[in-house]
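Heads up: the structure comes next, in structure tokens.
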Amino acid sequence: MKPRSPTLEGFRLIFRRPSFGLAEIAWRWSLGAATALLLLFSFFEYLDTLPVSKDDLFFLRTRQPALISRAVLHIFRGSAFRVVETAVVLALTLGVAWVVVASLGRAATIRALLAYFRESNLSSPQHKEQPSWRLRSLVALNFLRLGATLAGFVGCFAAILLGTVASSPSDPSPGSAVLIMLTVTMLVWLAWSTLNWFLSTAAIFVVADGQDAFGAIAAAVDLCRSRAGSIFAAGTWFGLAHLTVFVIASSAIGFPLGFAPVVPAGVVVGGVLLVTLVYFAVTDFLYIGRLAAYVAIAEFPGFSVVLPKPSPQPENTQHRASRSSANESRIDPAELILSDVPSAD
């Protein structure tokens, strides 16, 4: 079978089977919409718990900035604990919901990708049937991803603390503070992105090979070590495509913003929201294409690079080889110089 590029297979899948991208959008956007609604309802419920006295209403109706700010400070005074309590509950609830939904969505996506490649006759004929796997392995991987994300936020907060320590009121040094914060934040982001990549790629081996969580992580590391060239090529091309889409979307957002002085604010907000949704939809399609490329690299040896065939020997080399073999055939084993060679009889 002629080898095919996994990167091209990932891009080809986006256009040939848009249902994969739509499925990715379905579970991602459903979770995002539910999260937005939950945050919105929680915000209004929090506002209902705030006491507003008659004096506060009077100050708010005066339309004087000083009186309004005084009323707002009086209304929100003593409510910090409720904000922290609500944030903790929401974070735990949304984290568990994301782990469950992401595990189910990724399992369905990878199973569909495996079926697509096998139906397209891209896999090896000796490829064994898909073994049984357990959902708890995917749940464990997503819990690790959630923990890595929380650790990343803690690291960014630590970067801010280090920056404030480097610049004290007695010895101000804003340049050093900014440099420390940016450096630590960049290191934290690199560590988080690397760990998140391995954890997300390990889901392929959970569904395809029936590995447990740690076995799948080890398989992802082994894949990165053995097929580093293919992994780098797929990640680079899809990363460039993502960057191109980001530049186009950033330029397109400026179009509705340019009409802000002459059109209603609702139209401008709607235009920006439309461009943002299109951008997120395209990035979801690119993500599923990159995942398809990784599945092709990990599962199907037909995508391996074909080494060039050895070039035929030159005619004079073949002639010398045949002549030497002929001379060897004419040597008499009974000669004294070959007396140390045991005879056939």
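The values are calculated or read from the model by the stated rules, or taken from the named source; none is laboratory data. Just so it is clear, the model here is predicted, and its values are computed rather than measured. Cβ coordinates were reconstructed from backbone atoms using ideal geometry, including for glycine residues, and neighbour counts include every protein chain displayed.
Could you list, in sequence order, all residues of the stretch 40-76 that are under 16 Å from Val89 (Cβ atoms) and surrounded by 13 or more Cβ atoms within 10 Å (Cβ to Cβ)? Write out each step before concluding.
The initial filter retains those residues of the stretch 40-76 that are under 16 Å from Val89 (Cβ atoms), namely 40-46, 49.
Ser42, Tyr46, listed by residue number.
Only one residue in Leu114, Leu92 is surrounded by fewer than 13 Cβ atoms within 10 Å (Cβ to Cβ), modelled with pLDDT of 85 or more and closer than 25 Å to Arg136 by Cβ. Which one? Explain how you work it out, then say what you get.
Values: Leu114 fails: surrounded by fewer than 13 Cβ atoms within 10 Å (Cβ to Cβ).
None of the other options fit; the residue is Leu92.
If you take just the helices (runs of 4 or more DSSP H) that sit entirely in the stretch 1-119, which of them hold at least 3 residues that are under 20 Å from the mean Cα position of the chain (by Cα)? Quick ask: steps written out before the conclusion?
Values: elements: 6-16, 18-48, 54-61, 65-76, 80-119.
Passing ranges, in order: 6-16, 18-48, 80-119.
For the stretch 46-65, check the following and say yes or no: at least one residue is over 30 Å from Glu299 (Cα atoms) and in contact (Cβ under 8 Å) with a residue 40 or more places away in the chain. Spell out how you get there, then give the answer.
Step one: of the stretch 46-65, the residues over 30 Å from Glu299 (Cα atoms) are 46-65.
Those left that are additionally in contact (Cβ under 8 Å) with a residue 40 or more places away in the chain: 46.
There is at least one residue in the stretch 46-65 that is over 30 Å from Glu299 (Cα atoms) and in contact (Cβ under 8 Å) with a residue 40 or more places away in the chain.
Taking the condition under 25 Å from Trp133 (Cα atoms) and among the β-branched types (Val, Ile, Thr), does Thr7 pass? Can you show your working first?
On the way: under 25 Å from Trp133 (Cα atoms): no; among the β-branched types (Val, Ile, Thr): yes.
Criteria not met by Thr7.
I need the full set of residues from the stretch 135-187 which are within 30 Å of Ala220 (Cα to Cα) and of a type in the set (S, T, N, Q), in order please.
Across the stretch 135-187, the qualifying residues are Ser137, Asn142, Thr149, Thr183, Thr185.
If you check Ser200 against the conditions, is it closer than 30 Å to Leu161 by Cβ, surrounded by 18 or more Cβ atoms within 10 Å (Cβ to Cβ) and small (Gly, Ala, Ser)?
On the way: closer than 30 Å to Leu161 by Cβ: yes; surrounded by 18 or more Cβ atoms within 10 Å (Cβ to Cβ): yes; small (Gly, Ala, Ser): yes.
When the stated conditions are applied, Ser200 passes them.
Can you tell me how many residues within the stretch 235-273 are among the aromatic types (Phe, Trp, Tyr), surrounded by 13 or more Cβ atoms within 10 Å (Cβ to Cβ) and at pLDDT below 85? Quick ask: steps written out before the conclusion?
Start the filter on the stretch 235-273 by keeping residues that are among the aromatic types (Phe, Trp, Tyr), which leaves 237-238, 246, 255, 259.
Those still in the list that are surrounded by 13 or more Cβ atoms within 10 Å (Cβ to Cβ) too: 237-238, 246.
Now narrow it down to the ones that are at pLDDT below 85: none.
Residues that pass the stated criteria total 0.
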